[in-house]
Structure formats: structure tokens, C-alpha cells
Amino acid sequence: TKEAVGEGEACCASLAAAGLVDAIASRDSDALLFGATSRVFKVLKVEVEETKSSAVVTDVDAIRRKSGISSDGLVIVAAILGNEYDGNDGSKRGTGAHQTGLKGALPVVR
């Protein structure tokens, strides 16, 4: 058992980077920004009957390969789009750069 000192996703990403885990289960995408090096299960439902189990999986390497963006680049994209760390407006999500979506952010980061 490992207890995270700070963000759980940061701890999970460091465990993946060290090769100690094969995947991360988290509803939060922060694991990607903390440098997860494996698969991130956004939704993981395990049933006794295997055929009823399901998962929504994010393949971190595939994202980096297809987008051409490094781990640091993903952090910049998150800052441009807005995230839970950038706003003090009381909302769960920050505001990011005004009127800039993913299509606008990707070319800037590349």
C-alpha cells in the first residue's frame, strides 16, 4: 500500500514511470499531466462475470505519438484550455486562454 503525500495522480504517475504499475485508474486526467507513462483507466468497472466488465482507457503513449506533443506540451495545452488549478472563480474548472479551444492550442504547442 502506498499513500500519496500530495496529489494521488502524481503518485500514480511516478509509480508508472518507475515501472511499478502497468496502469492507473483515475477519473481525473491529471495523471496525464503528471507524466503517466502507461494506460489510464478513466472508468473501470470490474464484474465477477468477465464479459460484464468494462473500461474507458486512455493510452498515454498513443496520445503523445498521434498529437506529436510531449508531456510538457500536454501541461501547456491544459493551461491554455483551462484546468482546476488556474482559476479562482469558485468553479471546478479554470478559465484558460480566452476563446481558445483544443484546435487553437495544439498548433501553438507544437
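The table for this structure:
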quantity: Difference of contour (0.36 nm per residue) and Cα-Cα distance, S71 to E3; calculated: 22.1 nm
quantity: Carbon/sulfur fraction of accessible area - the stretch 30-80, other protein chains in place, 1.4 Å, %; calculated: 58 percent
quantity: Efficiency of FRET between F41 and L106 - r from beta-carbon atoms, R0 35 angstrom, step 0.05; calculated: 0.90
quantity: Coil-residue GluC sites (Glu not before Pro) of the stretch 1-77, DSSP, other Cβ within 10 Å capped at 10; calculated: E3, E47, E49
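The values are calculated or read from the model by the stated rules, or taken from the named source; none is laboratory data. Bear in mind the structure is a predicted one, so any value in this text is a computation, not a measurement. So basically every Cβ, Gly included, is an ideal-geometry build from the backbone, and we count neighbours across all protein chains shown. Accessible surface is based on the protein model in full, side chains and every heavy atom, while ligands, DNA and RNA are left aside. Shrake-Rupley method; radii C 1.70, N 1.55, O 1.52, S 1.80 Å.
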